[in-house]
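Contents: one structure, followed by commentary.
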Amino acid sequence: MKALSRITASVCSMIIFASSVSCSQQTVIKKQAEQVEISFSWWGNDARHKYTLEAIEEFEEKYPNIKVNCSYSEWSGYETRSRVQMISDTEADVMQINYGWLSEYSEDGLGYYDINELTDYFDITNFSDDFLKYGRKAKHQNAIPIAMNAQTVYINKTMYDRYGLDVPKTWDDLFKSAEVMRAYGVYPLSAASKALWLYAITYAEQATGKTILTNGGGLNFNAEDFQVMFDFYKKLVDEKVLPQVEYYERINLEDELYAGAVAWVSDAVNYFGKAVENGREIVIADYTTFDGTNTGQGWYAKPATMYAISKNTSHPRESAILLDFLMNSSDMSKLQGLEKGVPLSSSAQQSLEKYNMLSGIQYDASKKMEESSVSELNPILENGDMIDDFFYYANEIIYGKSESEEASKQFYSKIKKEHFS
């Protein structure tokens with residue numbers, strides 16, 4: 001299969017110019033001279049690589065004058081390589097970028113190409129301004145969000161039914177569930193470090209009535225507010241609501257040692273696809289609150305991922321044509337489905353509706369996000385160093401090396417100096 005051979009070669013396409021006996025050498029040379037090469041980079045798993053390569057093959061058949069050279073990998077390798085490339089101005093013409101990169105590399109709006117200048121080739125009218133604003137810096141449309149994302153509570157209802165428990169809606173519900181499940185070595189919930197950090201923020205915002213950041217992005221929590229987060233995390237661990245982040249293993253969802261998870265909308269199938277295949281009922285729980293009302297208070301949404309065009313591209317027209325294909329075409333929509341989340345492009349949504357593909361747990365998670373009053377996630381809240389520091393001090397508390405009051409003061413002082421000065 002062509003796509004598989006391209007995976008092995010790490011190249012999306014190989015343009016082979018062959019002529020029949022009647023074709024002249026001059027015609028071949030002319031065709032080669034008219035060929036335009038652009039590059040495209042993305043991250044993801046093998047499934048994403050496969051359908052993206054298939055899509056690029058279809059794109060090249062539709063636009064035979066454009067050859068697309070691709071580079072791709074899993075997230076960590078992609079992030080490291082892309083940072084070096086963006087600093088050295090050697091990034092791909094069209095690239096998948098993380099939401100936080102706009103603030104890091106294009107605070108003035110000049111770090112990526114202004115897509116507003118390319119609307120003759122990219123149909124920007126498929127996107128509402130409510131979504132386009134996420135990719136805008138200093139009035140420059142630096143990127144286009146593919147889908148929206150939010151941390152979501154997924155519950156294996158089959159397991160909860162097994163123990164005679166209702167799907168949790170409140171914080172107290174989680175602790176009551178743990179009282180039953182821990183006797184069987186089962187956790188009611190689970191979360192990786194970033195998800196758990198954001199989950200603790202949600203709890204603290206509801207408990208204190210304050211937001212962690214000001215409207216301008218400054219730090220609004222004080223040491224006492226962070227102590228609420230630390231005490232909450234310790235209680236979750238102590239009472240076996242969820243495992244300590246260092247011991248979290250996603251495979252335990254499949255082994256049914258975890259009866260639920262806090263995870264991104266875009267991770268729904270990765271986390272629970274096999275459970276659904278095995279006949280388990282996975283439900284999208286209401287966003288956790290104190291009173292069980294699904295208000296969305298303390299919960300945040302962001303673009304799941306975005307596409308941008310390099311400011312250094314020599315072929316902005318061809319790059320915009322590829323971008324339009326990736327985001328708006330029926331061909332790409334059918335191949336991608338909901339793998340990156342429910343697409344924001346109205347054309348892409350219409351295509352998925354036509355193919356009866358707007359269904360499943362990822363779609364249900366997206367609808368839950370849309371129905372709730374979630375806030376816009378500031379990229380600073382995904383800072384890896386700050387998250388690592390939180391769990392460092394949390395462990396100091398858990399292992400009795402520090403009192404929560406003192407650890408909270410140290411954490412507050414550290415992040416205020418390093419991230420909010």
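A short reminder: the numbers here are calculations on the coordinates, not readings from a lab. Please read these numbers as outputs of a predicted model, since none were measured by experiment. Don't worry about glycine lacking a Cβ; one is built from the backbone with ideal geometry, like all the others, and counts go over all protein chains shown.
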query = For the chain, modelled as a Gaussian network with Cα springs under 10 Å, which listed residue fluctuates most, Val245, Val36, Val228?
reply = Val36
ask   = Could you give the radius of gyration (one decimal) and Dmax (whole number) of the Cα atoms in the chain, in Å?
value = 23.7, 84
task = With a point put 7 Å past each Cα toward its Cβ, work out how far Asn45 is from Asp166 in nm, to one decimal.
result = 3.3 nm
ask   = Top mean-square fluctuation among Leu326, Leu102, Leu118, Gaussian network model of the chain, C-alpha springs under 10 Å?
value = Leu118
ask   = Out of Pro188, Pro64, Pro379, any idea which swings most in a Gaussian network model of the chain, alpha carbons joined below 10 Å?
value = Pro64
ask   = To the nearest 10 degrees, how steep is helix 193-208 against the longest Cα principal axis of the chain, on a 0 to 90 scale?
value = 50 degrees
task = For Lys62, go through the lysines and keep the ones whose alpha-carbon is under 20 Å away, minus same-chain ones fewer than eight residues off.
result = Lys2, Lys30, Lys31, Lys50, Lys334
request  = With unit charges on the beta carbon (Lys/Arg positive, Asp/Glu negative), name the residue among Thr293, Tyr247, Asn69 whose Cα is farthest towards the positive pole of the charge dipole of the chain.
outcome  = Asn69
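Once the other residues with Cβ under 11 Å from the Cβ of Thr305 are scored (Lys, Arg +1; Asp, Glu -1), what is the net sum? Mind dumping the intermediate values first?
Numbers: positive: Arg48, Lys302, Lys340; negative: Glu339.
With Lys, Arg at +1 and Asp, Glu at -1, the net is +2.
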inquiry  = Which one, Gln410, Ala191, Thr305, projects farthest toward the positive side of the charge dipole computed for the chain from Cβ point charges (K/R +1, D/E -1)?
reply    = Thr305
inquiry  = Exceeding 28 Å between C-alpha atoms, which entries from my cross-link table qualify? They are Lys240/Lys367; Lys235/Lys401; Lys169/Lys240.
reply    = Lys240/Lys367
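What net charge do the residues around Pro316 carry, taking every other residue with its C-beta under 11 Å from that of Pro316, with Lys and Arg at +1 and Asp and Glu at -1?
Details: positive: Lys311, Arg317; negative: Asp93, Asp114, Glu117, Asp120, Glu318.
Net charge around Pro316: -3.
Based on Cβ point charges of +1 for Lys and Arg and -1 for Asp and Glu, what charge dipole magnitude is obtained for the stretch 186-303 about its Cα centre, in debye rounded to the nearest 20? Before the final figure, lay out each step's value.
Numbers: 9 positive and 16 negative charges, 56 e Å.
The calculation lands at about 260 debye.
Placing unit charges on C-beta atoms (Lys and Arg positive, Asp and Glu negative, everything else neutral), compute the dipole magnitude of the stretch 340-421 about its Cα centre in debye, rounded to 20.
Details: 9 positive and 14 negative charges, 50 e Å.
That gives the stretch 340-421 a dipole magnitude of about 240 debye.
Counting only helical runs of four or more DSSP H residues, what would the 222 nm mean residue ellipticity of the chain come to if each run contributes -39,500 (n - 2.57) and the total is spread over all its residues? Before the final figure, lay out each step's value.
Details: 18 runs with 191 residues, N = 421.
Taking each H run of at least 4 residues, the total per residue is -13500 deg cm²/dmol.
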DSSP-defined beta bridges in the chain - what % are antiparallel, rounded to 5 = 65 percent
inquiry  = If you take every residue apart from Met86 with its C-beta less than 15 Å away from the C-beta of Met86, what net charge results, scoring Lys and Arg +1 and Asp and Glu -1?
reply    = -3
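Using unit Cβ charges (K, R positive; D, E negative) and no other charged atoms, how large, in debye to the nearest 20, is the dipole of the chain about its Cα centre? List each step's numbers first, then the result.
Values: 40 positive and 61 negative charges, 129 e Å.
Dipole of the chain, to the nearest 20 debye: 620 debye.
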